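The values are calculated or read from the model by the stated rules, or taken from the named source; none is laboratory data. Just so we're clear, the structure is a prediction, and the values are computed from it rather than from any experiment. For neighbour counting, all protein chains shown are included, and Cβ atoms are generated from backbone atoms with ideal geometry for every residue, glycine included.
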Amino acid sequence: MNDSSESTLTKAEPAEWQAPQSESIVDSAAPQLLLDENLSSHLPNGRQIYTRLREGSHLSADSPDQFALFKELEHHRDSYTHLFALLGYELIYHPDGFFYFVYPDSVTGQSLSTSRKVALLVYTLIDFLQDNNYDPAATISGEAIELQVIDDTRRHYSDLYEQADLGSRNAVITLLEWMARRGLCHMASEDHIRFLKPISRFLEAAEQVAENSAELEREEIQQSATGNPETETETETETETIEGERNE
């Protein structure tokens with residue numbers, strides 16, 4: 001039986017930068033997934049899928065070590081959606097091809113901090129690639145990227161990285177390893193990484209920021225072109241005063 005009915009992802013439209021939450025939510029009291037013999041045969045990887053998702057991982061179609069879990073989720077999407085809902089978790093399917101849990105009431109200071117670090121890395125990498133005549137979307141969406149490029153990005157935006165406690169190469173590598181455990185990237189070799197489909201959550205946020213910035217810039221240009229009525233009134237008053245003084 002195929003349960004892979006279409007699911008709709010509700011995409012937020014943030015007015016300013018909002019990093020997607022990706023941190024593991026540690027909860028010792030989290031409900032356990034108990035499957036009877038029938039369900040175990042129907043959902044053979046159920047416990048592993050539940051554990052990975054509850055730890056904050058993304059399960060995607062392009063992850064080398066998670067493909068089997070992704071295919072089972074995709075094939076029995078409805079069953080897993082209802083099962084996880086009973087345990088208090090919302091299973092989200094993103095149309096780019098990955099699954100994850102959301103924790104609407106469980107954002108911790110640590111999770112927000114780590115997500116902002118990921119957002120900083122992605123956003124500055126996009127900017128750095130653009131400045132160096134790369135296609136950011138194509139590069140981040142599938143190509144293997146040299147760690148040297150990411151290190152060059154860190155040095156270029158050294159002030160921002162220092163503020164985020166990412167001032168050293170080792171700190172950035174530690175963040176990339178964390179991202180790999182969460183299914184956001186794959187360490188293709190000692191010198192290369194490849195971002196996976198779930199990184200699109202951060203790309204969407206970055207695109208939203210760019211659109212908001214462009215809209216703000218257009219509004220400022222329009223205001224400059226039309227002029228400030230108050231300033232014009234003040235200028236006219238000053239001109240009339242000067243002309244009056246001349247006539248006297």
Quick check on Leu203: is it within 28 Å of Thr114 (Cβ to Cβ), in contact with a Lys or Arg (Cβ under 9 Å, 6 or more places away or on another chain), modelled with pLDDT of 70 or more and part of a helix (DSSP H, G or I)?
no
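So, in segment 15-53, of the ones that are within 30 Å of Ala144 (Cβ to Cβ) and modelled with pLDDT of 60 or more, which residue ends up nearest to the chain's Cα centre (by Cα)? Please lay out each step first, then the result.
Looking only at segment 15-53, we keep the residues that are within 30 Å of Ala144 (Cβ to Cβ), and these are 17-24, 45, 48-49, 51-53.
Applying the additional criterion that residues be modelled with pLDDT of 60 or more yields 45, 48-49, 51-53.
On the way: Asn45: 27, Gln48: 24, Ile49: 21, Thr51: 22, Arg52: 19, Leu53: 16 Å.
Once the filter is applied, the top-ranked residue is Leu53.
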Taking the stated definitions as given, is Glu207 surrounded by fewer than 15 Cβ atoms within 10 Å (Cβ to Cβ) and under 21 Å from Asp65 (Cα atoms)?
no
For Tyr134, the lone unmet condition from (1) part of a helix (DSSP H, G or I); (2) out of contact with any His (no Cβ under 6 Å at 6 or more places or on another chain); (3) surrounded by 14 or more Cβ atoms within 10 Å (Cβ to Cβ) is (1)
A careful count of residues in segment 46-88 that are aliphatic (A, V, I, L, M) and touching a residue at least 60 places away in the same chain (Cβ under 8 Å) gives 2
Which members of segment 80-92 meet the condition of being buried (at least 17 other Cβ atoms within 10 Å of the Cβ) and in a helix (DSSP H, G or I)?
Tyr80, Thr81, Leu83, Phe84
